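A short worksheet on the structure shown next.
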C-alpha cells in the first residue's frame, strides 16, 4: 500500500535550457538520477464532456482533484501494467493514490465500469468515476523525464523535457509524440518534499534565478487548444 499512496508538497519551476544545465551541475553532489535514467511518461487525463475537472483546477480553488491513467514508457501489450491514479490537492499539499492495472483492466474500468481491483483505493476510484460520469479521455500528456533523489534525505526532483500533448488518438501504444506545451528548450522542474527545502537547494535555486511557477501541464494543454478553437471560430 505504501508505494501507492503519496503525500507531499509539489513546487514547480519553468527553466530555460541554460538554467536546467546549471541546476544539474550544482545539485550533482547532493542528488542522484534514479534507476530509469531519462524515461518517457504518458498520462491520459479523463474528464467530463464539459471539462469540469480541468476548468475547476484552472480556477485555483483550495481543493481540486483529477483522475489519470499513467504509463511508464510505451506498453508492450494489453497485459502491461499501468497505474490508475486519483490526485487531489488541498491547501498546497498533494495527495496521490493509485492502483496498478493492466491496460486491458484500465480500459474496462472506464468503458464498462469494471472495478479497479479490491481495497480502499479501488473503491475511491470507482466512487469518483460515478460522481463525474461520464468520464472520457481529454488529453494525453507526454514528457521525457529525469527523476532524481536526494542521497541523504527525502527530497525528490524531476525534470520534464519536451512536455507535449495529444487531444486525439489516446492509445498508449502509439509513438509518444504530441504538440509542444512550452517553447523549445524549456523544461518543467518539480520539487517534491514534505517540509522545508534543504539549505543547499535554496542556494542553488537562488544562484540560477529560478522562480516558482504555477503550471498544470494538462491545464496548459487545455488553454492552448481552446485558444486555437476560439481563433478558428473568429476567422
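Since every read-out is calculated from the coordinates, none of them should be taken as a lab result. The shown structure was predicted, so the numbers you read here are calculated from the model rather than taken from an experiment. For neighbour counting, all protein chains shown are included, and Cβ atoms are generated from backbone atoms with ideal geometry for every residue, glycine included.
The residue 52 and residue 93 beta-carbon pair, evaluated with R₀ = 22 Å, returns a calculated FRET efficiency of approximately 0.45.
The calculated FRET efficiency for the pair residue 199 and residue 223, based on their C-beta separation and a Förster distance of 35 Å, comes to about 0.45.
Available extension along the chain between residue 209 and residue 114 is 29.4 nm, counting 0.36 nm per residue and deducting the alpha carbon span.
Compared with the dominant principal axis of the Cα atoms in the chain, helix 17-27 is inclined by about 70°. If R0 is 22 Å, the Cβ-Cβ spacing of residue 127 and residue 81 corresponds to a FRET efficiency of close to 0.45. Between region 107-153 and region 47-61, the C-alpha centres lie 16 angstrom from each other. The distance between label points at residue 60 and residue 40 comes to 3.5 nm (points 7 Å beyond Cα on the Cα→Cβ vector).
The spacing between region 203-224 and region 17-39, judged by their C-alpha centroids, is 17 Å. Here the extension length gained between residue 4 and residue 17 equals 1.4 nm, from 0.36 nm per residue of separation less the Cα-Cα distance. Taking the C-alpha atoms only, the angle from helix 120-131 to the longest principal axis of the chain is near 60 degrees. Going from the fewest other Cβ atoms within 10 Å to the most, the residues 158, 102, 79 appear in the order 79, 102, 158.
The C-alpha atoms of the chain define a longest principal axis, and helix 103-112 lies at about 50 degrees to it.
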